[in-house]
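J.: Structure below; questions to follow.
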Amino acid sequence: MGHEVVIFDLDGTLLDTIKDLGEAVNHSLSLRSLPLHSPEEYVPMVGHGIRNLVINALPPKYKEDSPFIDRALADFREYYSSHIDVHTRPYPGMKELVGTLSSAGIALAVASNKFQAGAEHLIHEFFPGTGWLEILGNRPEAPLKPDAAIIRQIMESYERKDAKAIMVGDSATDILTAKNGGIPSVGVTWGYRPEADLSSADFIARSPEELEKILLFYDKKQ
């Protein structure tokens, strides 16, 4: 029973990153004297890559202005890269869960729409000593989730292509990514999307303790 490979989403699943993301976008907006947003307002904007995050935060008249977006994105990246971990923290219980799964011999991976350098930085900072199978974020020429290419790349890195794998995430995008990749999914309720968005997941976890049981013992919906 249980799973051999666990693939985690990052933002909203392993880490609460919303305040640092929001402050970085607000920095870029403030440079242009544009309206700022609260952390709560940023919650529905995240999850689709940083370019889409910046576009979502801009007033309507700028959303199709590619040169303007490019400059705003560059300012966001410069600020976020040096302030990426000011407020960001693992969700309660997730550091312990990752340790438990690793000790149980389960291969762990990250599949995120966060830019690659940012995903690697945060995982190595907050989950040190964990031997990750893959840490995959948004890379040049790589499609964003829910494209299943990221699942396929992770599974190609594992020693057995027929291993039982599962995707853990907080959004419908993560659930669809798992479906597109032909693996089951767990929707976690502590992230950035309402539980109703997770209705198509194979499992729902409302706490790290529930998630641990699912990942260690269940391979079919109970």
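The values are calculated or read from the model by the stated rules, or taken from the named source; none is laboratory data. Quick caveat: nothing in here was measured; it's all calculated off a predicted structure. Neighbour counts run over all protein chains shown; Cβ positions are idealised from the backbone, glycine included. Please note that ligands, DNA and RNA were not included when accessible areas were found on the heavy atoms of the full protein model with its side chains. Shrake-Rupley method; radii C 1.70, N 1.55, O 1.52, S 1.80 Å.
J.: Using 1/(1 + (r/R0)^6) with R0 = 45 angstrom and r between the beta carbons of E156 and K61, what's the FRET efficiency to the nearest 0.05?
T.: That gives a FRET efficiency of 0.55.
J.: A follow-up question, please. Starting from region 170-214, pick out the trypsin sites (Lys or Arg not before Pro) whose DSSP state is loop and whose Cβ has at most 12 other Cβ atoms within 10 Å.
T.: R206
J.: Calculated from DSSP H runs of 4 or more alone, at -39500 (n - 2.57) each and per residue, what is the 222 nm mean residue ellipticity of the chain, nearest 500?
T.: For the chain, the value works out to -12500 deg cm²/dmol.
J.: Quick one: among E134, E159, E212, which has the greatest mean-square fluctuation in a GNM of the chain with alpha-carbon springs under 10 angstrom?
T.: E159
J.: Extension gain S33-R206, at 0.36 nm per residue separation less the Cα-Cα distance, in nm?
T.: Full extension from S33 to R206 adds 58.3 nm.
J.: With a 1.4 Å probe and all protein chains left in place, how much of the accessible area of the chain comes from carbon and sulfur atoms, in whole percent?
T.: Taking all protein chains in place, the chain shows 51 percent carbon and sulfur surface.
J.: Right, something else. Treat every Asp and Glu Cβ in region 11-61 as -1 and every Lys and Arg Cβ as +1, leave all other atoms uncharged, and give the resulting dipole magnitude about the Cα centre to the nearest 20 debye.
T.: My answer is approximately 320 debye.
J.: Next question. Under 16 Å between alpha carbons: how many lysine pairs meet that in the chain, if sequence neighbours fewer than 8 apart on the same chain are excluded?
T.: Here the count comes out as 11.
J.: If I build a Gaussian network model for the chain, linking alpha-carbon pairs within less than 10 angstrom, which residue out of F68, F76, F127 has the largest mean-square fluctuation?
T.: With Cα springs under 10 Å in the chain, the top fluctuation among F68, F76, F127 is at F68.
J.: Sketch the reach of a paramagnetic label on E4 as a point 7 Å from Cα along Cα-to-Cβ, and name the residues of region 192-221 whose backbone nitrogen lies under 15 Å away.
T.: 219
J.: Same structure, new question: Can you give me the accessible area per residue for the chain, using a 1.4 Å probe, in Å²?
T.: Heavy-atom SASA per residue in the chain reads 46 Å².
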